[in-house]
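So the structure is just underneath, and the comments pick up after that.
The values are calculated or read from the model by the stated rules, or taken from the named source; none is laboratory data. All values reported here derive from a predicted model rather than from experimental measurement. Reconstructed Cβ throughout: ideal geometry from the backbone, glycine too, with neighbour counts over all protein chains shown. Each accessible area value is taken on the protein alone, full model and side chains, heavy atoms only, with ligands, DNA and RNA left out. Shrake-Rupley method; radii C 1.70, N 1.55, O 1.52, S 1.80 Å.
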Amino acid sequence: MTMHQSNDDTIPSGDQSSAPNAEPPSAPPESKTAVSVMPNEQDLDNQIIMNADHVEQPSVTVTGTSTTAQNYIFEGEIDNDFVDGAASNNLIAKQGHLSDGDEIGAVHVDEQAPQLNRRYYMRPSVLARNARARQERARNRRRQETADAGDNRETQTSQSGRETSTSYDGRSTLVRAISTLFASVWNAENQEGLVSATLVEEGEVFEAKPVGFLERKWKTFAVGMCFFLVLLAVLLSVFIAKEATEGPEKVLTIISSMQPSMQPSSPPSFTPGPTLEIVQTRGHVLCGLPSTIRESDEDLPLDLCRAIAAVLFGSPKKFEAVQVNSANRFQQLHGRSVDLLLSRDTHTVEREVRERTTGVGFTFSSPYYYDGVAYYGSETFVRCAEEEKRFDECDLLRICVTDSTTHYGIIESSFPPDFVAVGSSLGEMAAMLLNGTCNVIATNPSILLKWLKNKKNLDGKFVLGNKTIEKEPLAIVTRKDDREFSDILNWVVQSTFYGAEQELTKDSSLCQNYTNLTSRVSDLNFLNAVYCVGNYGELCEEILHHLGMNNMNDGTGMLYAIPFGELDSEDPDGPGDIMNISASLLNRIGNEKGALNCGVIVPHNFTWNFENSISVTYCRTVAAALFNGDFKRVKLLKFTENDESSFVALNNGTIDVLAGAKIQLKYDFASPLLGGFHFSTHYYHGNQTAGYDLSFSFVSLATREDDALFSSFVNCVVLATMYAEENGIKQKRSKEMPLLSIFGDDHIWAVRDAVGYSGSYDQVYKKQFGQVAEEDRGMNILNERGGPQIHSFPGLSDKR
């Protein structure tokens, strides 16, 4: 309710005392309570008790001597229990200094009145009630002392109140500040009692609105927060300084623990022991397969899983298909949710050393299928994608590709981001193709053709391109902590190749069902893969004709370099297997030995200069990669062919690398006398024309199997010579080779230094054999034309 006070210049004190008993005027419709305050210059700096009546007493005059009265309008609920200055629920006005002639700072309706905004109104607190109680007692004493004063009693009482208030305000500033703070916190919930002033109509009438606690005390709150942060910083500094006395390493550990780790989490706890033993105890093998494959399907990855079960258990049914996708497959394997991956994974050096989503390296079998990336979609835009054209009729090209795959990296490096759309699966990409989100799909032809068999709605609408971009050797993936199990799966793949070469076919009568399971590798029948499931040709009969590389090789070029992956990218998480670099031979050769000890197997009919032999060249190439191009830091030890002393020397650490080693089953697995060995990509195949017949042997660099990082480094050096050949990089252009960050800072230039010494593969070959016609080099040329690439390693035999 809004009340306008009369404009009389003076209000007699007698009217003030009678105000509480006055007959209230009729209330206007507004639900507001008017409080008339007459400022007194002497009282404005003190706490003044204001009488406020809700409805029955809408206007109450507070004692004052000024000749000008000012009206305030309070909006909101105001307790109506003040009776003759003695009740407990009053309104306290904390007044700032405002003299009679001061401006209120507002001239328009609804405008804030800054001078009045300094006045904060709150409901009574404990401290305020105590203060008023003291004031009341003081007034009572003075009433007794001035009982004979008659009509002057009220004036004296007011004066006593002021003196008491002044005495109260005379306490120390610190005590007053603390009292005010506690009073504010006590009443923080009663925000409806805190108001600010706003002009509501012309004249001197103001509207009071609630003021929030933080709005009223923001300065105190800001100072308090600053003090708290400074105190926290000081305490943290003291804590770190104290820990520094215990060693800098501990300080770094503390600081790093306070930051989110980019490293992958450790795998969950698991039963220790060889994977073969764990799988056989479980009773089935867990195969990680694409989510599009069901156990009833006839599909190459699923058939290989059945072949693995047949070798491990004697039954192709002892497996469980675990669905994985492109985003989580490596995490599933690392976390031991599966024993292996058959999810069409491309073997790259990067993944061999440090796969990005897990931060660890994995082991890959021989490729079971050579695939690539092809385009499928609108004929016009398929041609645009193959030609990498983005203008004229190709400016609307949009390519759909699956994220977290090598396909994405290929497309990303060939097209700007606005030409690429990401899908999670082939099915989703097909839907995006149909709804116009993209007009081309980039994927494996083998997957696409099989998928299209049941998609009659797409017949005739789209075309498959003729060009296959990038090579993708698909392999079985296993964890790196159990090389024996990885080797078993590799020889399962080799057995399917061997069956196709020897024309062995599926024969259930020859499928050996084990009576007793054994964890000894020598007791496993690898040909169960063929007899129980089928040879390689039978497993992928539907897709063999699409890519010529997946046919059996009959003596044509077989040198093939798996992709490097992203070796030269700056990874914020650092190099792969970083915890093992210091313990690896990769580090110890440079820091402790100072030279590479390389054994060389010399064939029995060898007639060339030993220093120029291809195996010696690879020994020196590895040394150049290790020692910043210094190919002379190598000690060569000769071994004769068919003499197992070479593998004994490698096993006991006499030599670090064995060049000229033939890949054979008996050396791949550990025996009572020898540990297992790792063989690099083969760099030479027997050839009668070249003068040294190894009967299709695969010659490579052998390393000990217990140092996976060093084995990967040696393999990378061999691949570097083939990569240089594929990309036309000769010795003088070695700086065009990629940088290697995954083996640590000391070996970033490793493949550049390797090719800087050896040159490309052709240059290595010619150093020993001279100029030989390409047609006479047999298998010792790069398979750049998509010729047959399938051939088994020696060592398997039919035990019938």
Debye log10 I(q)/I(0) at q = 0.12, 0.14, 0.16, 0.18 Å⁻¹ for segment 442-566, Cα point scatterers: -0.66, -0.86, -1.04, -1.18
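Share of Cα-Cα pairs in segment 323-427 beyond 17 Å, in percent?
Summing the P(r) tail past 17 Å for segment 323-427 gives 59 percent.
Once you have a ≥ b ≥ c as the square roots of the Cα gyration tensor eigenvalues for segment 324-368, tell me rounded if a/c is under 1.5, and otherwise prolate or oblate according to whether a/b is larger than b/c. Present the calculation step by step, with values, prior to reporting the outcome.
Numbers: a/c = 1.56, a/b = 1.12, b/c = 1.39.
Verdict is oblate for segment 324-368.
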- line: Here, segment 474-528 modelled as identical Cα point scatterers in vacuum has Debye log10 I(q)/I(0) at q = 0.19, 0.22, 0.24, 0.28 Å⁻¹ of -0.81, -0.99, -1.08, -1.18
message: Heavy atoms only, 1.4 Å probe, whole protein assembly: order 615, 378 by accessible area, highest first.
response: 378, 615
- prompt: For residue 388 and residue 466 in the same chain, what is the full-extension length gain: residue separation times 0.36 nm, less their Cα-Cα distance, in nm?
  reply: 26.7 nm
- prompt: Direction-averaged shadow area of the convex hull around the Cα atoms of segment 664-800, nm²?
  reply: 10.9 nm²
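Could you state the per residue volume, in Å³, of the convex hull enclosing the Cα atoms of segment 438-487?
Details: hull volume 7.1 nm³, N = 50.
It is 142 Å³ per residue.
Where does each of 498, 375 land when they are ordered by accessible area, with a 1.4 Å probe and the largest first? All intermediate terms of the calculation are to be shown ahead of the outcome.
Values: 498 35, 375 5 Å².
Largest accessible area first, the list is 498, 375.
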query: Got a number for the accessible area of residue 398? Probe 1.4 Å, square angstrom, nearest 10.
result: 80 Å²
- request: Treat each spin label as a single point 7 Å out from the Cα along the C-beta direction, and report the residue 235 to residue 147 distance in nm.
  value: 6.0 nm
- line: Sorting 749, 608 on solvent-accessible surface, 1.4 Å probe, most exposed first, gives 749, 608
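Quick one: which of 450/471; 480/730; 662/767; 480/732; 480/766; 389/480 span more than 30 angstrom between C-alpha atoms? Mind showing how you got there, number by number?
Values: 450/471 19 Å; 480/730 34 Å; 662/767 21 Å; 480/732 36 Å; 480/766 36 Å; 389/480 42 Å.
Check vs 30 Å cut-off fails for 480/730; 480/732; 480/766; 389/480.
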message: If I ignore ligands, DNA and RNA and count only protein heavy atoms, how much of residue 748 is accessible to a 1.4 Å probe, in Å² to the nearest 10?
response: 50 Å²
